[in-house]
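The values are calculated or read from the model by the stated rules, or taken from the named source; none is laboratory data. Here the structure is a predicted model, which is why all the values come from computation and not from measurement. Cβ sites come from the backbone with ideal geometry, for glycine too, and all protein chains shown count toward neighbours.
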Amino acid sequence: MRLIGNIRDLTAGYYRDFEDVPDTEENLATGVVMESGNKECRTIVANRWPDSIQLDASVVPERKFSRVFAERRERSRSVCRISIYDSPATDAGSEVKNIESCCSGVTVEFENTGRYILDGETRTFTGSDPGDCRIVSKMRPLFEKKFPVCTESVTEIEQMSLIAPEPYRFYPYGGLYEYGMHPRQAESCIFRTVRVGDSLSLAISPLSALRAAGIDVFSDRQTGGRRLIGIKNFPAAGKIDLYEELKSGACRLEVLNKNTGEKAIYVGNAVFHTPKTNLIAVNFIKQGETP
């Protein structure tokens, strides 16, 4: 018989007493454990899981903001209400100056190369086969992050802004990402309306900037004589940036051990960014283990 793990054929002298079968360096390096019986010994291939797996990836924005809602029909003519994204009149005080940097989500695309560490040695691979294992989970895209978007129309927002006394009312405005940004900057954006006379504009800010200013956009409260109305039902994933989401285990891999047929889950625990590009590397460790 042939030992598992591409070890040389030991057929000729294999069916002998255990004492006669030597432990070679080749056997030990491959993780083969020998068990003895009275007249034969058998081999068990120990679980050989990579200490960590690192995948090269790129961050790609989804710029899908056009939203026109059919509201009613008058004499066979559709009357539509216009999305806030179809007329983004931004305020001069907006933290986000380039409206084109806003998007409805980002995808993390696997670049078909990676590295893994086994027995303290770093090895490279292409595709989905790191050494004695194979990644069997979906990898294209590797990960998707959706940003909450505004579902109210321009008309609805204008009507709400006329309520007296005028409140500060916050709305989601998708997310922020443009080429070269660090994954920490791929985060949700928030806007509120700004009325000057008859004109209405949007003051748009990244969520982190509002937090840094001590503004909680998710709760209602009274402050400085003005009522603040927060965003309701904002998803938890929208409250953290892409970097935090990837490194906190939201990105997961199912890995098959080709020697034993067992499967394990690897979870993201670190992200590395190549400056001035959209390229990142996501590091994964076996679930339940610490680096």
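Does ARG81 fit the bill of being within 30 Å of ASP220 (Cβ to Cβ), in contact with a strand residue (DSSP E or B) (Cβ under 7 Å, 6 or more places away or on another chain) and in a strand (DSSP E or B)?
Numbers: within 30 Å of ASP220 (Cβ to Cβ): yes; in contact with a strand residue (DSSP E or B) (Cβ under 7 Å, 6 or more places away or on another chain): yes; in a strand (DSSP E or B): yes.
When the stated conditions are applied, ARG81 passes them.
Taking into account only those residues within the range 177-221 that are touching a Pro at 6+ places or on another chain (Cβ under 7 Å) and either modelled with pLDDT of 95 or more or among the hydroxyl-bearing types (Ser, Thr, Tyr) (or both), which is surrounded by the most Cβ atoms within 10 Å (Cβ to Cβ)? Steps first, please.
The initial filter retains those residues of the range 177-221 that are touching a Pro at 6+ places or on another chain (Cβ under 7 Å), namely 177, 187-190, 202.
Of the ones still in play, those that are also either modelled with pLDDT of 95 or more or among the hydroxyl-bearing types (Ser, Thr, Tyr) (or both) are 177, 187-190.
Details: TYR177: 27, GLU187: 25, SER188: 26, CYS189: 27, ILE190: 29.
Of everything passing the filter in the range 177-221, ILE190 is surrounded by the most Cβ atoms within 10 Å (Cβ to Cβ).
Which residues, counting only those in the range 239-286, are loosely packed, with under 14 Cβ neighbours inside 10 Å, not in a strand (DSSP E or B) and not basic (Lys, Arg)?
Matches in the range 239-286: SER248, GLY261, GLU262, THR274, PRO275, THR277.
Does ARG140 qualify as being modelled with pLDDT of 95 or more and of a type in the set (Lys, Arg)?
For ARG140, the condition - modelled with pLDDT of 95 or more and of a type in the set (Lys, Arg) - is not met.
Considering every residue within the range 100-123, establish whether at least one is modelled with pLDDT of 90 or more, surrounded by fewer than 14 Cβ atoms within 10 Å (Cβ to Cβ) and closer than 15 Å to PHE284 by Cα.
Taking every residue of the range 100-123 in turn, at least one turns out to be modelled with pLDDT of 90 or more, surrounded by fewer than 14 Cβ atoms within 10 Å (Cβ to Cβ) and closer than 15 Å to PHE284 by Cα.
Which one of SER188, SER161 is small (Gly, Ala, Ser) and over 17 Å from the mean Cα position of the chain (by Cα)? Before you say what the answer is, go through the steps one by one.
Working: SER188 fails: over 17 Å from the mean Cα position of the chain (by Cα).
After applying the criteria, what remains is SER161.
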